[in-house]
Protein chains: 2
Amino acid sequence: MSVSATGTLSTQSRATLADVGRLAGVSAKTVSRVVLGSTNVSDSTRDRVMAAARTLRFRPNHLARNLRHGSVTNTVGFVIGDLRNPFYFNVAAGIERELAGHGMMMILAATDDDPNSEARVVETLLTQRVRALLMVPVAEDQSYLEGERQLGTPVVCIDRPAQNLIADSVVLENRGGTAEAVRALIAAGHRRIGFVCSPGGLFTHQQRLAGYRDALREVGVTDTAQWELLGDERNGVSEDSVQRLLATEGGPTALLAGNNRASATVIRAVHNHFTEVAFIGFDDFELADASDISVVAYDPVELGRRAAQLAIQRLSEPLGLPRHIEIPTHLIRRGSGERAAPGI
Amino acid sequence: MSVSATGTLSTQSRATLADVGRLAGVSAKTVSRVVLGSTNVSDSTRDRVMAAARTLRFRPNHLARNLRHGSVTNTVGFVIGDLRNPFYFNVAAGIERELAGHGMMMILAATDDDPNSEARVVETLLTQRVRALLMVPVAEDQSYLEGERQLGTPVVCIDRPAQNLIADSVVLENRGGTAEAVRALIAAGHRRIGFVCSPGGLFTHQQRLAGYRDALREVGVTDTAQWELLGDERNGVSEDSVQRLLATEGGPTALLAGNNRASATVIRAVHNHFTEVAFIGFDDFELADASDISVVAYDPVELGRRAAQLAIQRLSEPLGLPRHIEIPTHLIRRGSGERAAPGI
DNA sequence: AAGAAAAATGTCAACGCTGACATAAACCGG
DNA sequence: CCGGTTTATGTCAGCGTTGACATTTTTCTT
């Protein structure tokens, strides 16, 4: 082990292949062979080298190794909007799982849902030479990744598709999910059904809204605008506005929330004001089962896993048409969505 | 830009400083100067270089840069037990935030709460040359990190202290937190107070149990064992056992949960069996406010942030006594913990 | 036991980058 | 317009590793 530049021994530097070789009386290359598990090393040499490596606490330097091998790492970048959203971290859990099975690791980076910071964050990841890029797009354009894609870096978009970029994607069965929920409310006798959605990605928002309208149209209800409570880009929907909607003459007898933020708002509005209304949320949440809340659920971990799988497949097969996976949703009936409409 | 080894143009390789220099008619070193923002470059050269870099989509190779600079990266490893536990993820969010402010990134690795995989996961991170290591220890011994610490890699333990290793740590105010909760239950007239805790780290478990006993001892209640429901290493506490405890002659009139898993079990037990009992949980959760559940809460994001701060401080000041930070907890009164004891 | 094949080990260069140092070009006062 | 200073640019080596290739040592063959 070499001595630090200052000449003191207080801070020692890390052992290299050469250091180990020196101690074991062999060349760095032979140590490399031992570390890599080559068979062309005599047993006695191997033993000596391994002993020396242990003594010096040798740890191979992946930076150097990766540089030597064309600067491909075994890390994958995951660009997330808001880290505190439980949806994303379950996705991250799935990604981590899948990657770990392939000996890869995940670098997490957050954009804080700021479209302007997306490119910068992605750039930082790319200078780290991540092997693939998984992302929840927040900007309105991902064309800046086109060059990178051509260089062979798989890009997989999560929850919403990429815009102006050919990329694989994994999204939820948004439209079918809300449609199923609305049909359940219809089956419970409701016709005046409200849709509450805080913004959370234009794409999911629109898809879910479309599913809601689909199902109501099936029973001849087309003028749904009066029951739609859609938050704008910046702010979510307030408890008050939910209250007002419910109190309106001819207001909804049932509510469907378009995402977990909207669910929380509705639940609080209903709870804090002792209102009784049929309700189905989108996104399952902790302890939902203990609250009788019916939800449109799906497996976020599976979503992450599939995304990671797509990326890994792309590594070995960089060309080919983009794949789009839809993760199924299903309605979990816990009571709140089964309350019959008044007068039934 | 150079052509790939196969001689085809279909897969092009990444541009290097030399490639950019060739196009701009300068040396690689001058390109490097431009990229690093050196002032000693003439304006005309800078313009030409930047144009060339843009043309070739040049992106500096951090692997090479870091290798050159002694193999120190700007990534920090975070070793987590179970990624799906929202507690950890909020911590991760805090870490990410703090690191981003210092231009660093986080690599997430999970041990799946398996003590045997901890060292392996840590090892993998270290070969990546992470700048610092943040971890939720799950193994019973972290002495294997001693050598790394001496090499100057900051190690910060989260939620529980390291064992057999001198390392900084950030933990919760566990003992004081449960004590405060129990005192609140006592104030509501309870004396027979139960403690339910699924295992979740020996350390936190014991600290919280101690706080519970502390507070009861203050009012002369010492024989608490009959009301303690402690899950073993492997399995949590079941709803049934909570039910049985409550149904016991002389059983508790109030319950305190020792962590979020135990909270969930108690909430389900109480909910599913229509039992009325005063209850306080440890760890806040989504929509707890909409459920009237009183909890001992704290700021997990802050916990992560402080941990990252510690690591960053250690980088510039590697020696010195280890620091131990305790994140305060506070009781949030929402109703469930304020129910008076029967007969009051 | 000599020659050939196989096994073990070594030498060297390069991956992309940037400090240390060297050189070249521009500028400046007298 | 010369020595000297500043500014701009270039050369080189080396970070730690490992392929390609070379060399040495051992083993096998006849």
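The values are calculated or read from the model by the stated rules, or taken from the named source; none is laboratory data. Remember, it's a predicted structure, so these values are computed and weren't measured experimentally. Neighbour counts are summed over all protein chains in view; Cβ atoms, including those assigned to glycine, are modelled from backbone coordinates with ideal geometry.
Please determine whether any residue of the stretch B:72-84 is without any contact (Cβ under 8 Å) to a residue 60 or more places away in the chain, near DNA strand D (Cβ under 9 Å from one of its atoms), out of contact with any Leu (no Cβ under 9 Å at 6 or more places or on another chain) and not in a helix (DSSP H, G or I). No, because not a single residue in the stretch B:72-84 is without any contact (Cβ under 8 Å) to a residue 60 or more places away in the chain, near DNA strand D (Cβ under 9 Å from one of its atoms), out of contact with any Leu (no Cβ under 9 Å at 6 or more places or on another chain) and not in a helix (DSSP H, G or I).
Within the bounds of the stretch A:89-103, is there any residue that is over 29 Å from B:LEU151 (Cα atoms), away from DNA strand D (no atom under 13 Å from the Cβ), modelled with pLDDT under 90 and not in a loop (DSSP other than H, G, I, E, B)? Among the residues of the stretch A:89-103, at least one is over 29 Å from B:LEU151 (Cα atoms), away from DNA strand D (no atom under 13 Å from the Cβ), modelled with pLDDT under 90 and not in a loop (DSSP other than H, G, I, E, B), which makes the answer yes. Within the stretch B:89-112, restricting attention to residues that are touching a residue at least 40 places away in the same chain (Cβ under 8 Å) and within 8 Å of chain A (Cβ to nearest Cβ), the residue that is surrounded by the fewest Cβ atoms within 10 Å (Cβ to Cβ) is B:ARG97. In summary, B:ALA28 fulfils each of the numbered conditions (1) more than 8 Å from DNA strand D (Cβ to nearest atom); (2) at pLDDT 90 or above; (3) of a type in the set (A, V, I, L, M) with the single exception of condition (1).
Residues of the stretch A:113-122 that are under 22 Å from B:PHE78 (Cα atoms) and either surrounded by fewer than 16 Cβ atoms within 10 Å (Cβ to Cβ) or touching a Cys at 6+ places or on another chain (Cβ under 8 Å) (or both): none at all.
One line per residue, one yes/no per condition, for (1) touching a residue at least 60 places away in the same chain (Cβ under 8 Å); (2) more than 21 Å from A:GLN243 (Cβ to Cβ):
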residue	(1), (2)
A:ALA188	yes, yes
A:CYS197	yes, no
A:GLN206	no, yes
A:TYR212	no, no
A:GLN226	no, no
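Please verify whether the stretch A:8-27 includes one or more residues that are on the phi > 0 side of the Ramachandran plot, within 16 Å of DNA strand C (Cβ to nearest atom) and outside the structural domain of A:ASP284 (by TED's automatic domain parsing). Yes, because at least one residue in the stretch A:8-27 is on the phi > 0 side of the Ramachandran plot, within 16 Å of DNA strand C (Cβ to nearest atom) and outside the structural domain of A:ASP284 (by TED's automatic domain parsing). Residue check: B:GLY152 meets all listed conditions (1) within 16 Å of DNA strand D (Cβ to nearest atom); (2) at pLDDT 95 or above but one, namely (2).
Could you please let me know if B:GLY211 is out of contact with any Phe, Trp or Tyr (no Cβ under 7 Å at 6 or more places or on another chain) and at negative phi? Considered against the rule, which asks whether it is out of contact with any Phe, Trp or Tyr (no Cβ under 7 Å at 6 or more places or on another chain) and at negative phi, B:GLY211 comes out as yes. Taken over the stretch B:230-256, residues that are over 30 Å from B:ASP114 (Cβ atoms) and in contact with a Ser or Thr (Cβ under 7 Å, 6 or more places away or on another chain) amount to 1. Taking every residue in the stretch A:127-149 that is within 11 Å of another protein chain (Cβ to nearest Cβ) and pairing it with any residue that is of a type in the set (Asp, Glu) and surrounded by fewer than 21 Cβ atoms within 10 Å (Cβ to Cβ), at least 6 positions away or on another chain, yields no pair with a Cβ-Cβ distance below 8 Å. Considering only residues of the stretch B:104-118 that are within 22 Å of B:ARG261 (Cα to Cα) and in a loop (DSSP other than H, G, I, E, B), which is modelled with the highest pLDDT? Result: B:THR111. Residues that are out of contact with any helix residue (DSSP H, G or I) (no Cβ under 8 Å at 6 or more places or on another chain) and closer than 27 Å to B:ASN61 by Cα occur at least once in the stretch A:126-135. Candidates in the stretch B:209-240 are the residues that are in contact with a helix residue (DSSP H, G or I) (Cβ under 8 Å, 6 or more places away or on another chain) and of a type in the set (S, T, N, Q); of these, the one that is surrounded by the fewest Cβ atoms within 10 Å (Cβ to Cβ) is B:THR222. Considering (1) under 21 Å from A:ALA179 (Cα atoms); (2) more than 14 Å from chain B (Cβ to nearest Cβ), the lone condition that A:ASN260 does not fulfil carries the number (2). Taking the stretch B:124-170 as the range and being outside any loop (DSSP other than H, G, I, E, B) and among the basic types (Lys, Arg) as the test, only B:ARG149 passes.
Against the numbered list (1) within 14 Å of another protein chain (Cβ to nearest Cβ); (2) of a type outside the set (Val, Ile, Thr); (3) more than 20 Å from B:GLY236 (Cα to Cα); (4) outside any helix (DSSP H, G or I), B:PHE285 comes up short only at (3). Residues in the stretch A:47-86 that are closer than 28 Å to A:GLN309 by Cβ, surrounded by fewer than 21 Cβ atoms within 10 Å (Cβ to Cβ) and away from DNA strand C (no atom under 16 Å from the Cβ): A:ASN74, A:ASP82, A:ARG84, A:ASN85, A:PRO86. Within the stretch A:289-344, the only residue that satisfies the criterion of being β-branched (Val, Ile, Thr), buried (at least 20 other Cβ atoms within 10 Å of the Cβ), more than 13 Å from every other protein chain (Cβ to nearest Cβ) and part of a loop (DSSP other than H, G, I, E, B) is A:THR329. Of the residues B:THR275, B:THR222, the single one that is within 14 Å of another protein chain (Cβ to nearest Cβ), of a type in the set (Ser, Thr, Tyr) and either assigned to a loop (DSSP other than H, G, I, E, B) or out of contact with any strand residue (DSSP E or B) (no Cβ under 7 Å at 6 or more places or on another chain) (or both) is B:THR275. On inspection, B:VAL121 fails the criterion of being part of a helix (DSSP H, G or I), more than 11 Å from every other protein chain (Cβ to nearest Cβ) and of a type in the set (A, V, I, L, M). Being among the small types (Gly, Ala, Ser), more than 25 Å from the chain's Cα centre (by Cα) and surrounded by fewer than 24 Cβ atoms within 10 Å (Cβ to Cβ) is the filter here; which residues of the stretch B:251-268 pass it? If the condition is that a residue be among the small types (Gly, Ala, Ser), more than 25 Å from the chain's Cα centre (by Cα) and surrounded by fewer than 24 Cβ atoms within 10 Å (Cβ to Cβ), then B:GLY251 is the only one that fits. For the stretch B:33-71, a tally of residues being more than 9 Å from chain A (Cβ to nearest Cβ) and within 11 Å of DNA strand D (Cβ to nearest atom) returns 16.
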